[in-house]
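Novice: I have a structure here, written as structure tokens, and I will follow up with some questions on it.
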Amino acid sequence: LSDRLSGVFDRLTKQGALSADDVKAAMREVRVALLEADVSLPVAREFIKAVESKATGQAVTKSVTPGQQVVKIVHDELIHVLKGDAEPGALKISSPPAPILMVGLQGGGKTTTTAKIAKRLKEREGKKVLMASLDVNRPAAMEQLAILGTQIGVDTLPIVKGEDPVAIAKRAKTQASLGGYDVYMLDTAGRLHIDQELIAQAAAVRDVANPRETLLVVDGLTGQDAVNVATEFDDKIGVTGVVLTRMDGDGRGGAALSMRAVTGKPIRFVGLGEKLDALESFDPERIAGRILGMGDIVALVEKAQQTLEAEQAERMIRRFQKGQFNMNDLKMQLEQMIKMGGMEGLAGMMPGMGKMQKQISEAGVDDKMLARQIALINSMTKKERANPDLLQASRKKRIAKGAGLEVQELNRLLKQHRQMSDVMKKIGKGGKGGLRQMAKQ
Ligand code: GDP
Ligand code: MG
């Protein structure tokens, strides 16, 4: 993606806001790149649509090019989709013994991943884990798990010839209770393709074990196939999380995006090799960087944005020192407050504002109120913002109406502005150092 995008983006060098044409040109390339990274077509399409509407008209940060800005927007949207609202890595394994059912196609990495997770639970969380192979079709598969168990020092359920998967699951459950295990993991058999027998067997085991987690293990290199497999397993068995294996390969990780967009299932872990510690919690940032392959540009844009914010703050300080504090300044402050975690948090950080903080909490100010105040300021004309003294009754009515609020609320805002303006003047006179320090905080 990197080369392709920089080609287009070199051409997008003018500054200002991102035009629809800029964005369209860039999106054509992003689309091709996503497809090359194995993102499925409908997902790529949906994704592009979301980015396009977010990017068009957005101001381009000083000292970066429009192309670089688009990359940042694409990157942020990628993370948004990849992240969802699930917490990666954290398995629900309270109240022992907690069963974890491992499902997936043959060769996807179930057995290896079972051992990897067992090792992780043992080493990081001090859990006592029992592993059981339910792969009765291939005796070698049961041996494989036993060998892995020895390697990582995790117990495996003794192999009994001629038992069916449901019987093994029952025995694992009993053994886990009697043996005081925290977790028992059921490594099921897979097949080359999803078929009714495979699904029926997995469902029968599920009904016996009543698993706390059902983890689907899929090969991240198989792209669209991985998504189809996930959808099918989730429909028939119910999946609580996904492990994408072979993410150490050449693939760009597009399967992760399709998986999230189509199934909505959390990706819990990624497999990064054959070794038993080659398992990591799913990290949206990292995968986004990989799909996009443009980490440097993202960092550059972030830095430029930070610099810009610092410059704005600096400019504002100079104005305060001259005793200037108009509605535009207040609006910027209000927006900053929302960003920094609400008014109480911010006032608490400012020296000499302890009293204000108390007033704020007593008045029950919250982010919604901040948003209403911003709406009021937006409803003022340029002149009014620069000089709030202009605001007489008729103007006030118009402004309040424009924001869909009461004049009373506007009066409160004006009072607040006056108070803050007084404070700013005082602090401004108190010397540069103090105020700069404050802005940095
Ligand atoms: P199962 O049939 O689903 O149980 O798959 P296995 O666990 O037996 O794995 C099949 C092959 O894939 C083995 O050779 C594993 O070493 C390999 N494998 C599993 N996970 C990964 C991974 O994350 N990266 C790589 N490179 N190989 C893996
Ligand atoms: Mg296996």
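Novice: Only one of Lys122, Lys127 is more than 12 Å from ligand 2 (Cβ to nearest atom), free of Cβ contacts under 8 Å to residues at least 60 places away in the same chain and part of a loop (DSSP other than H, G, I, E, B). Can you tell me which? Write out each step before concluding.
Specialist: Values: Lys122 fails: part of a loop (DSSP other than H, G, I, E, B).
Step by step, each of Lys122, Lys127 is checked, and only Lys127 is more than 12 Å from ligand 2 (Cβ to nearest atom), free of Cβ contacts under 8 Å to residues at least 60 places away in the same chain and part of a loop (DSSP other than H, G, I, E, B).
Novice: Take the residues in the range 142-173 that are within 14 Å of ligand 2 (Cβ to nearest atom) and buried (at least 19 other Cβ atoms within 10 Å of the Cβ), then tell me which one is farthest from Val208 (Cα to Cα).
Specialist: Per the criteria, the residue is Leu148.
Novice: I need every pair where a residue in the range 101-114 that is in the same structural domain as Asp187 (by TED's automatic domain parsing) and β-branched (Val, Ile, Thr) has its Cβ under 8 Å from the Cβ of a residue that is in a loop (DSSP other than H, G, I, E, B) and near ligand 2 (Cβ under 9 Å from one of its atoms), sequence separation at least 6 or different chains.
Specialist: From residues that are in the same structural domain as Asp187 (by TED's automatic domain parsing) and β-branched (Val, Ile, Thr), the pairs are Val103/Thr188; Val103/Gly190; Thr111/Asp135.
Novice: Okay, moving on. List the residue pairs whose Cβ atoms are under 8 Å apart, where the first residue sits in the range 132-153 and is farther than 20 Å from Ile100 by Cβ and assigned by TED's automatic domain parsing to the domain that holds Asp187, the second is within 11 Å of ligand 1 (Cβ to nearest atom) and of a type in the set (A, V, I, L, M, F, W, C), and the two are 6 or more positions apart or on different chains.
Specialist: Asn137/Ala189; Arg138/Ala189
Novice: Sticking with this one: Is it true that Gly253 is of a type in the set (Gly, Ala, Ser) and modelled with pLDDT under 85?
Specialist: yes
Novice: Now, a different point. Pull up the range 97-113, narrow it to residues that are touching a helix residue (DSSP H, G or I) at 6+ places or on another chain (Cβ under 7 Å) and not in a loop (DSSP other than H, G, I, E, B), then point me to the one that is nearest to ligand 1 (Cβ to nearest atom).
Specialist: Of everything passing the filter in the range 97-113, Thr111 is nearest to ligand 1 (Cβ to nearest atom).
Novice: Sort through Thr222, Thr245, Thr263 and tell me the only one that's touching a strand residue (DSSP E or B) at 6+ places or on another chain (Cβ under 9 Å) and surrounded by fewer than 24 Cβ atoms within 10 Å (Cβ to Cβ).
Specialist: Working: Thr222 fails: touching a strand residue (DSSP E or B) at 6+ places or on another chain (Cβ under 9 Å); Thr245 fails: surrounded by fewer than 24 Cβ atoms within 10 Å (Cβ to Cβ).
Only one candidate qualifies: Thr263.
Novice: If you go through the range 120-141 one residue at a time, how many are more than 13 Å from ligand 1 (Cβ to nearest atom) and on the phi < 0 side of the Ramachandran plot?
Specialist: Summing the residues that are more than 13 Å from ligand 1 (Cβ to nearest atom) and on the phi < 0 side of the Ramachandran plot in the range 120-141 gives 13.
Novice: Can you name the residue in the range 211-229 that is at pLDDT 90 or above and not in a strand (DSSP E or B) and, of all such residues, is nearest to the chain's Cα centre (by Cα)?
Specialist: The residue in question is Arg212.
Novice: While we're on this one: Which residue pairs have Cβ atoms under 8 Å apart, sit 6 or more places apart or on different chains, and have a first residue in the range 265-277 that is within 18 Å of Leu91 (Cβ to Cβ) and near ligand 1 (Cβ under 6 Å from one of its atoms) and a second that is at pLDDT below 90 and not in a strand (DSSP E or B)?
Specialist: Once the first residue is within 18 Å of Leu91 (Cβ to Cβ) and near ligand 1 (Cβ under 6 Å from one of its atoms) and sits in the range 265-277, its partners that are at pLDDT below 90 and not in a strand (DSSP E or B) give Gly271/Gly220; Gly271/Met247; Gly271/Asp248.
Novice: Kindly list the number of the only condition in (1) in a helix (DSSP H, G or I); (2) exposed (fewer than 14 other Cβ atoms within 10 Å of the Cβ); (3) modelled with pLDDT under 85 that fails for Pro42.
Specialist: Failed condition: (3).
Novice: Something else: Just the residues that are touching a Pro at 6+ places or on another chain (Cβ under 7 Å) and more than 12 Å from ligand 2 (Cβ to nearest atom), please, taken from the range 181-203.
Specialist: Hits for the range 181-203 are Tyr181, Asp182, Val183, Tyr184, Gln201.
Novice: Moving to a separate point now. Search the range 55-82 for residues that are hydroxyl-bearing (Ser, Thr, Tyr) and pair each with any residue that is at pLDDT 70 or above and outside any helix (DSSP H, G or I) when their beta-carbon atoms are under 7 Å apart and the residues are at least 6 apart or on different chains.
Specialist: Short answer, once both residue conditions are applied: Thr56/Leu18.
Novice: For residues that are of a type in the set (Gly, Ala, Ser) and within 16 Å of ligand 1 (Cβ to nearest atom), tally how many sit in the range 162-194.
Specialist: 2
Novice: Which condition breaks for Val227 when tested against (1) within 15 Å of ligand 1 (Cβ to nearest atom); (2) more than 18 Å from Leu279 (Cα to Cα); (3) touching a Ser or Thr at 6+ places or on another chain (Cβ under 6 Å)?
Specialist: All conditions pass for Val227, except number (1).
The values are calculated or read from the model by the stated rules, or taken from the named source; none is laboratory data. Predicted model only: the values in this text are computed from it and were never measured. A quick note on method: Cβ atoms are made from the backbone with ideal geometry, for glycine too, and the neighbour counts reach across all protein chains shown.
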